[in-house]
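Okay, so here's the structure we're looking at.
The values are calculated or read from the model by the stated rules, or taken from the named source; none is laboratory data. This structure is a prediction, so every number in the text was calculated from the model and none was measured. Every residue, glycine among them, receives a Cβ derived from its backbone with ideal geometry; neighbour counts consider all protein chains shown. Accessible surface is based on the protein model in full, side chains and every heavy atom, while ligands, DNA and RNA are left aside. Shrake-Rupley method; radii C 1.70, N 1.55, O 1.52, S 1.80 Å.
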Amino acid sequence: MGFFEKLLEILSNLKELKNVLPPLNFSLINITKNDNSITTNDDSTKNLSVSYKEIQNRADELLPLALDEGYTFLQRDAQELMEDFKEKEKESEIKEAVSFLRGKIPDFDINIWRAALYLRAQFKLGNKEKTNFLKRQIMEKYGDKGRNIANLCSANYLEDFLIPLFNALKENDKNDVFNDKFLKVYSKVVDDLPFIIFVNHSMGEEEIKRQIQIKRNYGIKALNLHGIGRENIAKIKKVLSFVEENSDCPIKKEIREGNEVIFAAIRYESKESI
């Protein structure tokens, strides 16, 4: 029996729990010190709040299971953070993004995107400390996929690539095969980032060049580079100059820069196209 099943067994006699059956599927379980035994909500986030007094006699059964199954326990400023998270999710930009993703990508990925969209909202507000904290949390909980989705979301790949891709596939295909096609491309992008390089402070110019060459060796003819901060912007510009001077075929490049953020696109063209 897992953590969630064990918790429900302990709470099975609470009449309030019966009001949310079925299904028993919660995105957040919040254990509080409040006197109220249990509260739920009916929106898409499916949050469950339980008073600690209801489980304290059997906490020694629950904690090992929770740790083994990778559940996260929020402590520092957790309540304030979750309240802010829920408020931000009501904003149209995030609601529309999550609504688009539901039913098109694996259910496991939805919560990663929700966290990434909240991360992006904090970044736009200039909350650097909270942004760094949230990104670490996402990476710790979801690993490489969490890092990739956070980077993709922050660079607007949902709006600039995934949504247009889905719409184009839907328009061109007369049956539901566009869903499968979209999922294949989505999975490739999220897992491998085949045409994208996110430059961070730990990457030197030689590492960026190496990443470009690796992707070129796989036959990729178009690359996007992203960086945040003056140091990363400077590295990307130097690498672009190097690539342009040393490329074995003509390239086209596009650079967009602003607010200490840079986007650079490189497209390799065949010699015959000159």
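Among the criteria (1) under 22 Å from residue 145 (Cα atoms); (2) touching a residue at least 24 places away in the same chain (Cβ under 8 Å), the one residue 264 does not fulfil is (1). Restricting region 164-200 to residues that are within 17 Å of residue 222 (Cβ to Cβ) and part of a helix (DSSP H, G or I), which is least open to solvent (accessible area, probe 1.4 Å)? My answer is 189. Annotation for region 105-122: at least one member residue is over 27 Å from residue 183 (Cβ atoms) and at pLDDT 85 or above. Checked against (1) among the hydroxyl-bearing types (Ser, Thr, Tyr); (2) modelled with pLDDT of 90 or more; (3) in contact with a Pro (Cβ under 8 Å, 6 or more places away or on another chain), residue 273 passes all but condition (2).
Could you check region 204-261 and list, in sequence order, the residues that are of a type in the set (Gly, Ala, Ser) and buried (at least 19 other Cβ atoms within 10 Å of the Cβ)?
Restricting attention to region 204-261, the residues satisfying the condition of being of a type in the set (Gly, Ala, Ser) are 204, 219, 222, 227, 229, 234, 241, 247, 258.
Selection gives 227 alone.
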